[in-house]
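Take a look at the structure set out below.
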């Protein structure tokens, strides 16, 4: 007999992946230039030139045995040290190599962290809207996901609503900023308020409540927005990070989990993440990608393309009468359904060959997510279709 829950997950792709596959079929049927696929958060800008240059240098100059061999289970010590030094330099932190566990992207960092910190029957709070895979990761641990809506006027954290959701079963809260799908950057004020509340509730309940900060979009911010580094505000924090978006390397799968050194029972928390990595088979992240990192830390792909796309879409969709949440980061636009029904809106958009992700799976109805990490020319070609979509609601 197979594990029925795992079978169900394998048999049904996420709504995002389903749309992506649908788009491939439509491109084959009517031509790629006639399909406007905004479903998948797949970077469209080149990786910084230093990435390929360093990969070539490593391949040409390093022993293939050393280059492709195993590292320590939690990652190469010199690589972890370089990452720690970079974080200390840029964020004013005081971490070392032994705070870091190198992972196969942010998904592995999240899965290891949740497995380490969350027991069966406990609860994990997620401000909604949120990345749908959080639910998969949490429920795999035998825990329950608790959705707490963000403030609808600006999609900032509703700390009082989160306070009401905290109880003796609460193990953690996942904070994703810049946010997928809204592009919202949670303000320093809201992070401070959340930290104060969680400290108060943790003392009252007699056990830590962890913040798991999911930050694959940290560097993708616009108009001078600043993303608070949560370990500076709250000690019981684990940061989940991926280089997929900052370096345009989503297929290479390299990231890390970082445990704040001031966390209560720091050693036990770090050991639990190492143990979770072992139990899940997530040891020794790809060695070639690990060895790449020290030479490219701080490099970021040209996000000017994303900013141009963001501005163009905001201007034109607003002109067409479509209401959007102005994103401060990431590469997603959260569009309000004119009918109030996200599924209806996305199905109607398909008639114009526009592929948008309905917001229901993000824990928030009435919107659609548009991934604008595409070539600007594709957005320009799609504008007449968006205008026709908007006009269809006025007929």
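With R₀ set to 35 Å, the beta-carbon distance separating residue 164 from residue 119 gives a calculated FRET efficiency near 0.95.
Full extension of the chain segment joining residue 383 with residue 199 gains 61.5 nm, where the gain is 0.36 nm per residue of separation less the Cα-Cα distance. Exposure proxy for 8, 200: other Cβ atoms within 10 Å of each Cβ, ordered fewest to most, give 8, 200. Computed from Cα positions, the angle between helix 266-280 and the longest principal axis of the chain comes to roughly 60 degrees.
Per-residue Cβ neighbour counts within 10 Å put 37, 158, 236, 223 in the sequence 223, 158, 37, 236, beginning with the fewest. For region 51-180, rounded, prolate or oblate, judged on the Cα gyration tensor with a ≥ b ≥ c (square roots of eigenvalues), a/c < 1.5 rounded, else prolate if a/b > b/c? Because a/c hits 1.5 or more and a/b exceeds b/c, region 51-180 counts as prolate. Computed extension length for residue 2-residue 233: 78.8 nm, one decimal, from 0.36 nm per residue of separation with the Cα-Cα distance subtracted. Each helix, a run of at least 4 DSSP H residues, gives -39500 (n - 2.57); summed and divided by the residues of the chain, these come to -13500 deg cm²/dmol at 222 nm.
On the basis of the beta-carbon distance and an R0 of 30 Å, residue 319 and residue 192 show a calculated FRET efficiency of 0.20.
Label-to-label distance, residue 352 versus residue 262, with points set 7 angstrom from Cα along the beta-carbon direction: 5.0 nm.
Spacing of the modelled spin labels on residue 90 and residue 339, each 7 Å from Cα toward Cβ, amounts to 4.3 nm.
At a temperature of 4 °C and a viscosity of 1.567 mPa s, determine how fast region 194-340 diffuses translationally according to Stokes-Einstein, using the Kirkwood radius over alpha-carbon pairs as Rh; express D in µm²/s, rounded to the nearest whole number. So the translational diffusion coefficient is about 71 µm²/s. If the segment from residue 226 to residue 32 were pulled out straight at 0.36 nm per residue, it would be longer than the present Cα-Cα gap by 66.1 nm.
Spherically averaged projected area of the convex hull of Cα atoms, the chain: 20.6 nm².
Bear in mind that the values in this text are calculations on the coordinates, not laboratory data. All figures in this text were calculated on a predicted structure; none of them were measured in a lab. Glycine also receives a Cβ, built like all others from the backbone with ideal geometry; neighbour counts cover every protein chain displayed.
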